Amino acid sequence: MTGSNDGLRLDLGDRSYDIAVGDGTLKSAGTAIRNAAGPGKCWVVTDETVAATYLAPLEDSLREAGLAFQTIVLPPGEGSKNFATVENVVNTVLDGAPERSSTMIALGGGVIGDLTGFAASIILRGINFVQIPTTLLAQVDSSVGGKTGINTRHGKNLAGAFYQPKLVIADTGVLDTLPRRELVAGYAEVVKYGLIRDVGFFDWLEQNGAAVLDGDGEARAYAVRASCAAKAAVVAEDERENGVRALLNFGHTFGHALEAETGFGAELLHGEAVAIGMIMALELSATLDLCPVADIDRVRQHYAATGLPMTVPKAQNRRWEPATLIRHMGHDKKVQDGKVTFILARGIGKAFVARDVDLGDVERLLDDAVGA
Ligand code: NAD
Ligand code: GLY
């Protein structure tokens with residue numbers, strides 16, 4: 001297993017921070033935030049769905065800790081992750097006369113975390129920021145590592161900043177209310193850590209993945225901690241994605257193309273696209289004689305056991321065109337010197353960055369995977 005499961009911390013010199021994982025951590029969030037970010041005024045940003053259940057306990061804990069705060073509630077969903085909403089949030093915070101010692105608190109999934117972190121990075125050129133992720137995807141991926149941002153008319157996550165939080169508080173108990181589809185989509189990112197560089201964790205998931213999804217508290221907390229430890233280790237090594245951090249994009253080159261085709265909406269959730277993309281990346285690796293087919297069979301069996309999607313959905317009126325998907329890949333942030341970057345694998349736990357993949361091989365693979 002990568003890293004320790006206790007006292008999790010992302011090590012980035014004077015920007016290091018704790019990642020507090022456990023059932024019930026929301027109740028003591030106020031004190032933890034005060035300890036990590038100081039006694040300045042706070043702005044909580046959340047969405048309507050999350051606010052209905054989790055805003056009151058957070059507000060109670062902020063009051064108990066003696067922190068003054070204001071709350072901003074946004075509509076749920078990807079549609080909020082844009083310039084107009086950031087402008088609104090930034091101006092609302094500026095209306096309340098923030099200081100550099102003020103703190104923005106993101107209470108929600110990846111949408112709220114990405115947007116709030118970006119707003120915090122530009123208000124007064126950077127105020128404190130705390131992540132309280134409430135989806136599995138946000139707990140194991142988006143809340144850790146400091147990627148913040150919004151979507152623009154040119155594409156997803158194309159405006160943003162690397163901006164680290166002061167603290168991450170992942171209360172695994174809040175996952176009880178997460179719809180099953182969102183939970184399974186987030187689980188794809190958990191599996192990703194096993195597939196990229198930790199076959200031992202993948203073994204553990206084979207034994208315990210169903211328990212994680214079915215709400216076993218201990219298994220859930222272990223999976224979230226192990227995922228955060230894996231991500232923290234990678235980000236500590238390569239904060240700005242010049243090297244090993246690119247491995248975290250396993251399945252994402254394919255996944256982003258699938259998402260772009262479906263308009264980044266409910267037809268295909270980010271985690272679902274990543275799940276399908278990881279299978280495609282493994283298949284491409286096998287085509288290139290890099291990955292044993294037996295490893296792919298093993299991964300497919302785990303997908304089947306946990307309900308992860310392996311193939312693109314067959315929606316009505318949706319035709320998947322390999323050439324169009326490859327065009328989407330060309331617009332990805334990860335294109336370098338005009339070349340599409342792929343993360344391939346020599347087997348489970350053995351991922352690597354490949355910058356010289358022949359797009360003809362990719363097109364043939366897509367033809368098999370999505371062609372009519
Ligand atoms: P999301 O934030 O849209 O949340 C999904 C849905 O679940 C929303 O409707 C939300 O209201 C609801 N919800 C949240 N917590 C809940 C709870 N505990 N109980 C019930 N409902 C709850 O989606 P997401 O999957 O968390 O995040 C997706 C976003 O994350 C995308 O915009 C993606 O680009 C971004 N992302 C960022 C990074 C990063 O490193 N910054 C990594 C991966 C994904
Ligand atoms: N989600 C990929 C990364 O944080 O680098």
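Each of Ala246, Val199, Ala315 was placed along the dipole of the chain (beta-carbon charges, centred on the mean Cα), and the one lying farthest toward the positive end is Ala246. Full extension of the chain segment joining Lys314 with Ala56 gains 88.8 nm, where the gain is 0.36 nm per residue of separation less the Cα-Cα distance. Placing a pseudo-label 7 Å from each Cα along the Cα-to-Cβ vector at Glu267 and Thr177 gives an inter-label distance of 3.1 nm. Between Asp356 and Glu237, the modelled labels are 2.2 nm apart [label points 7 Å from Cα along Cα→Cβ]. Within the range 271-365, the trypsin sites (Lys or Arg not before Pro) that combine a DSSP coil assignment with at most 11 other C-beta atoms in a 10 angstrom radius are Lys314, Arg319. In degrees, nearest 10, range 0 to 90: what is the angle between the Cα axis of helix 270-287 and the longest Cα principal axis of the chain? Rounded to the nearest ten degrees, it is 30. Which angle from 0 to 90°, rounded to the nearest 10, does the C-alpha axis of helix 110-122 make with the longest principal axis of the chain? Tilt of helix 110-122: around 60 degrees. Dipole magnitude for the range 134-243: computed about the Cα centre from +1 point charges on Lys and Arg Cβ and -1 point charges on Asp and Glu Cβ, it is near 520 debye. Placing +1 on the Cβ of every Lys and Arg and -1 on the Cβ of every Asp and Glu, with no other charges, gives the chain a dipole of roughly 660 debye about its Cα centre.
Within the accessible surface of the chain, defined with a 1.4 Å probe on protein heavy atoms only, the carbon and sulfur portion equals 48 percent.
With contacts taken as Cα pairs under 8 Å and at least 6 residues apart, the range 92-177 reaches a relative contact order of 29 percent. Seen from all sides and averaged, what is the projected area of the convex hull of the Cα atoms in the range 248-322, in nm²? For the range 248-322, the mean projected area of the Cα convex hull comes to 5.4 nm². The orientation-averaged projection of the convex hull spanning the C-alpha atoms of the chain amounts to 17.0 square nanometres. Against the longest alpha carbon principal axis of the chain, how many degrees, from 0 to 90 and to the nearest 10, is the axis of helix 199-214 turned? Computed tilt is about 60 degrees.
Dividing the mean sequence gap of close Cα pairs (under 8 Å, 6+ apart) by how many residues the chain holds gives a relative contact order of 16 percent. Counted residue by residue at 0.36 nm each, then reduced by the alpha carbon distance between them, the extension gain from Ala68 to Arg9 reaches 18.6 nm. Amide H to amide H distances under 5 Å link Val144 with no residue, where only residues 5 or more positions off or on other chains count and H is placed in the peptide plane.
Across the range 275-314, the residues whose backbone nitrogen lies under 17 Å from the label position 7 Å along the beta-carbon direction of Thr324 are 312-314. Can you bin the range 41-100 into rounded, prolate or oblate? Criterion: square roots of the alpha carbon gyration tensor eigenvalues sorted a ≥ b ≥ c, rounded for a/c under 1.5, prolate for a/b above b/c, oblate for the rest. Oblate, since a/c reaches 1.5 and b/c is not below a/b. Considering only alpha-carbon pairs that sit under 8 angstrom and 6 or more positions apart, the relative contact order computed for the range 153-281 is 26 percent. For the range 116-198, state which trypsin sites (Lys or Arg not before Pro) are in a DSSP loop and have at most 12 other beta carbons lying within 10 Å of their beta carbon. Listed in order of number, the matching sites are Arg153. With a Förster radius of 22 Å applied to the beta-carbon distance between Leu158 and Gln301, the computed FRET efficiency rounds to 0.05. With the charge dipole of the chain set up from +1 on Lys and Arg Cβ and -1 on Asp and Glu Cβ about the Cα centre, the Cα lying farthest toward the positive end among the listed residues Ile169, Leu344, Leu269 is that of Ile169.
Working note: Debye formula, equal point scatterers on the alpha-carbon atoms of the range 87-244, no solvent; log10 I(q)/I(0) at q = 0.08, 0.09, 0.13, 0.18 Å⁻¹ is -0.25, -0.31, -0.63, -1.09.
Which of rounded, prolate, oblate describes the range 164-209, given a ≥ b ≥ c as roots of the alpha-carbon gyration tensor eigenvalues and a/c under 1.5 marking rounded, otherwise prolate only if a/b is larger than b/c?
Since a/c reaches 1.5 but b/c is at least a/b, the shape of the range 164-209 is classed as oblate.
Inter-part distance, the range 293-316 to the range 128-153, computed on C-alpha centroids, equals 26 Å.
Which whole-number value in Å² is the accessible area per residue of the range 266-360, probe 1.4 Å? Intermediate results must be reported in sequence, preceding the final value.
Details: 4620 Å² over 95 residues.
Here the residues of the range 266-360 average 49 Å² of exposed surface.
Listed values for the range 292-299 are Karplus-derived 3J(HN,Hα) couplings in whole Hz (6.51 cos²θ - 1.76 cosθ + 1.60, θ = phi - 60°), namely x, 4, 4, 5, 5, 4, 5, 5, and x replaces Gly and Pro.
The values are calculated or read from the model by the stated rules, or taken from the named source; none is laboratory data. As the structure is a computational prediction, the values presented were derived from the model and not from experiment. Please note: Cβ atoms are built from the backbone with ideal geometry, for glycine as well, and neighbour counts cover all protein chains shown. Only protein heavy atoms, including side chains, enter the accessible area calculation; ligands, DNA and RNA are left aside. Shrake-Rupley method; radii C 1.70, N 1.55, O 1.52, S 1.80 Å.
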